[in-house]
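**Student:** Quick one: structure below, then a few questions.
The values are calculated or read from the model by the stated rules, or taken from the named source; none is laboratory data. Because the structure is predicted, anything quoted here is derived from the model rather than measured. Every residue, glycine as well, gets a Cβ built from its backbone with ideal geometry; the counts of neighbours run over all protein chains shown.
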Amino acid sequence: MYIKFSALIGLLFSSLALGGEIYDKFPNQISANDKYVFYSHGHTIEGNITTPVHKRWGIYDFPKIKEALADDEYNLIAYHRLLNTDPIQYAKKLAKDVRALIFAGVKPNNITLLGFSRGGGMSIRASNELRLDQVNLIILAACTGPIKSNSRIKIYGNVFSIYETSDRVGTCQFLKDRSKQVTSFSEIVINTGKGHGAFFTPQVEWIEPVKVWISSKSS
């Protein structure tokens with residue numbers, strides 16, 4: 001009796017699972033009840049090495065970042081881009097993948113685009129491509145000059161921005177101000193003293209608020 005009951009409970013919790021997987025490619029099977037987060041890394045990772053060393057910011061530890069971002073509450077999709085990936089085309093791929101999830105029945109507010117630096121710029125462009133007011137967007141030190149100078153690029157939906165005080169890449173307020181379809185916007189500043197390299201490793205200063213925010217915005 002105990003064995004049967006345990007098996008039943010295990011089956012029940014399995015059917016209610018909302019994530020926990022890490023994908024380096026778009027999933028072959030989509031669960032409409034699951035939550036999905038796309039993490040787009042910075043430029044330093046582009047290529048074949050998953051832990052490259054930047055001459056100024058040190059090791060960019062892609063595997064550990066993925067491990068730290070992973071959560072039972074959602075599935076993490078983290079592509080390893082080719083060297084010199086075209087940002088516009090990649091943003092279109094992200095938008096296409098988001099649409100594929102929605103077509104499969106995933107609620108838009110259960111989808112989050114998360115990107116750092118160049119990957120954050122691509123996530124911003126994907127938001128502009130989608131123009132959906134429920135898809136979530138997290139920007140990590142990505143509101144750079146090219147984004148600021150292109151007034152046609154706007155963001156949509158629920159937006160969360162994090163930047164580092166010792167980094168030259170700062171606030172995304174200008175992007176929010178010109179984007180009228182932003183459902184919600186919040187921004188925090190961290191102070192690790194590591195500059196842009198603060199996001200090269202899974203620092204608790206940004207990992208923890210990212211995961212808390214994702215949890216608060218999905219349903």
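**Student:** Say we look at the range 38-54 and pick out the residues that are over 15 Å from Ala198 (Cβ atoms) and among the small types (Gly, Ala, Ser); which of these is surrounded by the fewest Cβ atoms within 10 Å (Cβ to Cβ)?
**Tutor:** Gly47
**Student:** Could you list all residues from the range 144-157 that are surrounded by fewer than 24 Cβ atoms within 10 Å (Cβ to Cβ) and either part of a helix (DSSP H, G or I) or out of contact with any Asp or Glu (no Cβ under 8 Å at 6 or more places or on another chain) (or both)?
**Tutor:** Of everything in the range 144-157, those that are surrounded by fewer than 24 Cβ atoms within 10 Å (Cβ to Cβ) and either part of a helix (DSSP H, G or I) or out of contact with any Asp or Glu (no Cβ under 8 Å at 6 or more places or on another chain) (or both) turn out to be Thr144, Gly145, Pro146, Ile147, Lys148, Ser149, Asn150, Ser151, Arg152, Ile153, Lys154.
**Student:** Okay, next question. Taking the residues in the range 101-131 that are charged (D, E, K, R) and farther than 22 Å from Pro52 by Cβ as candidates, determine which candidate is surrounded by the most Cβ atoms within 10 Å (Cβ to Cβ).
**Tutor:** In this case the residue turns out to be Arg125.
**Student:** Restricting attention to the range 88-100, does a residue exist that is surrounded by fewer than 20 Cβ atoms within 10 Å (Cβ to Cβ) and touching a residue at least 40 places away in the same chain (Cβ under 8 Å)?
**Tutor:** Yes.
**Student:** Sticking with this structure for a sec: Does Lys25 count as within 16 Å of the chain's Cα centre (by Cα) and assigned to a loop (DSSP other than H, G, I, E, B)?
**Tutor:** Considered against the rule, which asks whether it is within 16 Å of the chain's Cα centre (by Cα) and assigned to a loop (DSSP other than H, G, I, E, B), Lys25 comes out as yes.
**Student:** Name the pairs: first residue in the range 43-55 and closer than 9 Å to His80 by Cα, second residue β-branched (Val, Ile, Thr) and in a loop (DSSP other than H, G, I, E, B), Cβ to Cβ under 8 Å, at least 6 apart or on different chains?
**Tutor:** Final answer for the pair search is Glu46/Thr85.
**Student:** Being over 14 Å from the mean Cα position of the chain (by Cα) and either within 19 Å of Ile214 (Cβ to Cβ) or surrounded by 14 or more Cβ atoms within 10 Å (Cβ to Cβ) (or both) is the filter here; which residues of the range 59-68 pass it?
**Tutor:** Those that are over 14 Å from the mean Cα position of the chain (by Cα) and either within 19 Å of Ile214 (Cβ to Cβ) or surrounded by 14 or more Cβ atoms within 10 Å (Cβ to Cβ) (or both): Ile59, Tyr60, Asp61, Lys64.
**Student:** Any idea which residue in the range 39-70 is farthest from Leu114 (Cα to Cα), counting only those that are in a helix (DSSP H, G or I) and aliphatic (A, V, I, L, M)?
**Tutor:** Ranking the candidates gives Ile45 first.
**Student:** For a quick check of your reading of the model, give me the residue pairs whose first member lies in the range 192-219 and is of a type in the set (Asp, Glu), whose second is crowded, with 21+ Cβ neighbours inside 10 Å and in a helix (DSSP H, G or I), with beta-carbon atoms closer than 8 Å and at least 6 apart or on different chains.
**Tutor:** Glu205/Ala198
**Student:** Tell me which of these Thr171 doesn't satisfy, since it passes every other one: (1) in a loop (DSSP other than H, G, I, E, B); (2) over 20 Å from Ile124 (Cα atoms).
**Tutor:** For Thr171, the exception is condition (2).
**Student:** Another question, if that's okay. Can you confirm whether the range 120-141 contains a residue that is in contact with a helix residue (DSSP H, G or I) (Cβ under 6 Å, 6 or more places away or on another chain) and among the acidic types (Asp, Glu)?
**Tutor:** Yes.
**Student:** If you don't mind, another one. Could you please find all residues in the range 196-216 being surrounded by fewer than 19 Cβ atoms within 10 Å (Cβ to Cβ) and part of a helix (DSSP H, G or I)?
**Tutor:** Matches in the range 196-216: Val204, Glu205, Ile207, Glu208, Pro209, Lys211, Val212, Ser215, Ser216.
**Student:** Give Ser127, Ser216 a once-over and let me know the one that is at negative phi and at pLDDT below 95.
**Tutor:** Testing whether each residue is at negative phi and at pLDDT below 95 leaves just Ser216.
**Student:** Also, I was wondering about something else. Report, by residue number, each residue of the range 143-169 that is among the small types (Gly, Ala, Ser) and within 18 Å of Arg56 (Cβ to Cβ).
**Tutor:** Across the range 143-169, the qualifying residue is only Ser166.
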